[in-house]
Amino acid sequence: MSTHLPILPILLPLLGALLLLLPPLSGSLRRQRAAALLFALLTLLTSLLLLRLQLQGIQLYVLGGWQPPFGIVLVADRLSSLLVLLTSLLGVTSILYACGGADRDGAHLHPLLLFQIMGINGAFLTGDLFNLFVFFEVLLIASYGLLIHGGGKQKTQASFHYVALNLMGSSLFLIALGILYATLGTLNIADMSTKIAALSDGEQALARAGGLLLLVVFGLKAAMLPLHFWLGPAYTAASAPVAALFAIMTKVGIYSMFRIFTVVFGESAGELAFMAQPWIWPLALLTLLAGTVGALASANLRQLSANLVVISVGTLLIAIVLQSEAATSAGLYYLVHSTLVCAALFLLADLIGQQRGKAADWFVMSRRLRQPTLLGILFFVAAMTVAGVPPFSGFVGKVLLLQAAAHSTAQMVWVWPLLLLSSLVVIIALARGGTTLFCRHSNDRSRGEAASPWRVAAVTLLLLAAPLMVILGGPLTQYTREAAGQLHAVPDYLPVLLPGGPS
Amino acid sequence: MEALYASCVGLLSFAGIFLCLRGRTFPVVLGLTLISYAVNLFLFSSGRLLLNAVPILGSGERYADPLPQALVLTAIVIGFAMTAFIVILAMRARADLGNDHVDGHLPPPPTPARERGENR
């Protein structure tokens, strides 16, 4: 059992999704909900077990018994199992929220959510670059279905842009893979890191081109500055549970950048070491700035949340580009925190919007909320967390990152003002939005329906992480530090990652 | 052979990118298809081009790299599914939005009023 544990977070959602499409379960929504929740919880359980198992050492799962680098492998190290756990948790909450009624808008929401979880888990676990492409496609095709779920003009329009852009991205990904395979002769990430230093001058130029193409592809997925225009329309158009699950999609891009630009093009890459840094630096700062300006200009809570996702991407790009263990560790803490809180904000926007009638979540005067206290507290906690105000997790994440950026004066001069300024602006934007949503009422005396307990439970579950991540801050930062250590010291782990030696 | 192959890939990508930048959904879909052809050819060549060589060890003096062939096969299957999806999506967009522009609404007609006066 424990030998097959690394593949279970991929197989379980797949199995669940397939069963949900077959007769005994496909007939009734009630059975679908129960089964979807069951499989999501099972996935969460296996991710927890996997997390515990890999504490003893990196788990290598050799698919079909073909030894790496010739066969395909799954690698469960500190980083990937943490993110798999995060995905599974997010999956449970978004399925829980969907049970509150969003799954009535169209058929097959639950199977699509499970397919999406499978794709994301696979992308985190794979140790092979081509397999990363395959799992990207799995999660993308599920996301295409999810984005358009429920139908409507806005969704169709956002979908076409999203799909066309991502098809272009997939083509670029394949070209990059072709170039890297042609120069390095392998696509196993650990094996690539052993080959990259020994390239001749001509091959180096090709590998550099391939690596930078990968930066474009991951930048598109992560919503890095010039490639982030799809994010706003797509995330605002998507239904709430889908948007919540999408909160981790940008992080898949960030994760891939961590893997490729730290492991393959990292310290041990000879002349190609850190070759993407000069490109990522300005883009990271500009992404942060763009998100900040966008947050001020947002006219409704969903747009604001989408811009907060962009801000978190900018912040994480800074963590990537700092290229130190401390920065990576801070980045991982911030990644977990920002994913959970952004997902909670998307769900909250839907909850608030439903009680305000026609005004939905737009920042305009409207009738009173049905449950102002409950939603007010939830919104307040989410806002404090996302803005980075103590005592919640956002504060810890930002402080860790600021500390990591204090290595040289140049870094401090660029990173500190921008990060602090963006926090301030986020507070202003959230305060402005929050007062309008909760305090400015029209004379309309009609009342909306109370929120379904499923939905409140899902949001509460996500927001519980905010205080928990502070209380468990010690063990958690210890864990992210170890994860960063593993990522930065891949040469030390080569005997585990490539038991047969490099090709 | 390399030059011919490379120019084929280049021509396909050129046509694909040109079509992708058009304003209607149908040319964009065609463009994406052409780009995926170009990508598949490119990926195939990443194992070096060889004539009369089978991808099996010990079958002759020379052998081809089997991995790019497997990669291309996967890429073709995925590309096919994605193209089918975007075709349906484009048709849905045409039905939902009432036009086939990629932005969902037609741009205003380009002829300014003064010019129309001159034509009269």
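Given bins 10 angstrom wide, list per bin the percent of all Cα-Cα distances in chain A, short to long.
Reading upward from the zero bin: 4, 20, 32, 27, 13, 4, 1, 0.
Considering Cα pairs under 8 angstrom that are at least six residues apart, work out the relative contact order of segment A:268-368 and quote it in whole percent.
24
Going by the alpha-carbon gyration tensor, a ≥ b ≥ c the square roots of its eigenvalues, is segment A:1-130 rounded (a/c under 1.5) or, if a/c is not under 1.5, prolate (a/b greater than b/c) versus oblate? Let's see the in-between values first.
On the way: a/c = 2.47, a/b = 1.96, b/c = 1.26.
In terms of gyration-tensor shape, prolate.
Quick one: which residues, 5+ away or cross-chain, put their amide H under 5 Å from the amide H of A:T126? H built at 1.01 Å from N.
Those lying under 5 Å, H to H, from A:T126 are A:V75.
Enumerate the calculated ³J(HN,Hα) couplings along segment A:421-432 in order (Karplus 6.51 cos²θ - 1.76 cosθ + 1.60, θ = phi - 60°), each rounded to whole Hz, writing x wherever the residue is Gly or Pro.
4, 5, 4, 4, 5, 4, 4, 4, 4, 5, 5, 4
Residue-wise, which Karplus ³J(HN,Hα) couplings in Hz belong to segment B:49-55, taking 6.51 cos²θ - 1.76 cosθ + 1.60, θ = phi - 60°, and x for glycine or proline?
Result, rounded to whole Hz: 8, 9, 9, 6, 10, 8, x.
Anyone know which of B:F42, B:F85, B:F26 comes out most mobile in the 10 Å Cα GNM of chain B?
Result: B:F85 has the largest fluctuation of those listed.
Excluding same-chain residues fewer than 8 positions from A:K153, which aspartates and glutamates have a Cα within less than 15 Å of its Cα?
Leaving aside aspartates and glutamates fewer than 8 places away in the same chain, those within reach of A:K153 are A:D105, B:D96, B:D100, B:D103.
Compute the distance from the alpha-carbon center of segment A:437-465 to that of segment A:37-106, in whole Å.
Measuring centre to centre over Cα atoms gives 31 Å.
For the protein assembly as shown, give me the percentage of DSSP beta bridges that are antiparallel, rounded to the nearest 5 percent.
Numbers: 8 of 10 bridges.
The answer is about 80 percent antiparallel.
I want the local charge near B:L41. Using Cβ-Cβ distances under 15 Å, sum +1 for each Lys or Arg and -1 for each Asp or Glu among the other residues.
Its environment carries a net charge of 0.
Between A:M412 and B:N52, what is the label-to-label distance in nm when each label sits 7 Å out along the Cα-to-Cβ direction?
7.1
Tally Lys and Arg at +1 and Asp and Glu at -1 over the other residues with C-beta under 15 Å from the C-beta of A:R30: what net charge comes out?
Details: positive: A:R31, A:R33, A:R104; negative: A:D103.
Local charge sum for A:R30: +2.
GNM, chain B, Cα, under 10 Å: largest mean-square fluctuation among B:S45, B:S13, B:S59?
B:S59
Given a cut-off of 24 Å, name the pairs among A:K195/A:K251; A:K251/A:K358; A:K155/A:K221 whose C-alpha atoms lie farther apart than that in the structure shown. It would help to have the intermediate numbers written out before the result.
On the way: A:K195/A:K251 27 Å; A:K251/A:K358 33 Å; A:K155/A:K221 19 Å.
Among A:K195/A:K251; A:K251/A:K358; A:K155/A:K221, the Cα-Cα distance tops 24 Å for A:K195/A:K251; A:K251/A:K358.
How high is the relative contact order of segment A:369-503, in percent, with contacts defined as C-alpha pairs under 8 Å that are six or more residues apart?
Working: 67 pairs, mean separation 43.2, N = 135.
It rounds to 32 percent for segment A:369-503.
Based on Cα positions only, what radius of gyration and what Dmax would you give for chain B, in angstroms?
So, for chain B, Rg and Dmax equal 21.5, 79 Å respectively.
Which net charge results for the neighbourhood of A:L487, defined as the other residues with beta-carbon distances under 14 angstrom from its beta-carbon, given Lys and Arg at +1 and Asp and Glu at -1?
Counting the neighbours of A:L487, the net charge comes to -2.
In the Gaussian network model of chain B, springs joining C-alpha atoms below 10 Å, which of B:N99, B:N52, B:N40 carries the largest mean-square fluctuation?
B:N52
In terms of the Cα gyration tensor, with a ≥ b ≥ c the square roots of its eigenvalues, is segment A:426-478 rounded because a/c is under 1.5, prolate because a/b exceeds b/c, or oblate?
Note, shape of segment A:426-478 comes out oblate.
Each residue of segment A:118-129 in turn: what ³J(HN,Hα) in whole Hz from Karplus with 6.51, -1.76, 1.60 and θ = phi - 60°, glycine and Pro shown as x?
4, x, 5, 4, x, 4, 6, 8, 5, x, 10, 5
If contacts are Cα pairs under 8 angstrom and at least 6 residues apart, what is the relative contact order of chain A in percent? Don't skip to the answer; put the middle values down first.
On the way: 834 pairs, mean separation 81.3, N = 503.
Once divided by the residue count of chain A, the mean separation gives 16 percent.
Which of rounded, prolate, oblate describes segment A:84-182, given a ≥ b ≥ c as roots of the alpha-carbon gyration tensor eigenvalues and a/c under 1.5 marking rounded, otherwise prolate only if a/b is larger than b/c? It would help to have the intermediate numbers written out before the result.
Values: a/c = 3.65, a/b = 1.46, b/c = 2.50.
Oblate, because a/c is 1.5 or more while a/b does not exceed b/c.
A short reminder: the numbers here are calculations on the coordinates, not readings from a lab. These figures come from a predicted structure and were not determined experimentally. Cβ atoms come from the backbone with ideal geometry, glycine included; neighbour counts cover every protein chain shown.
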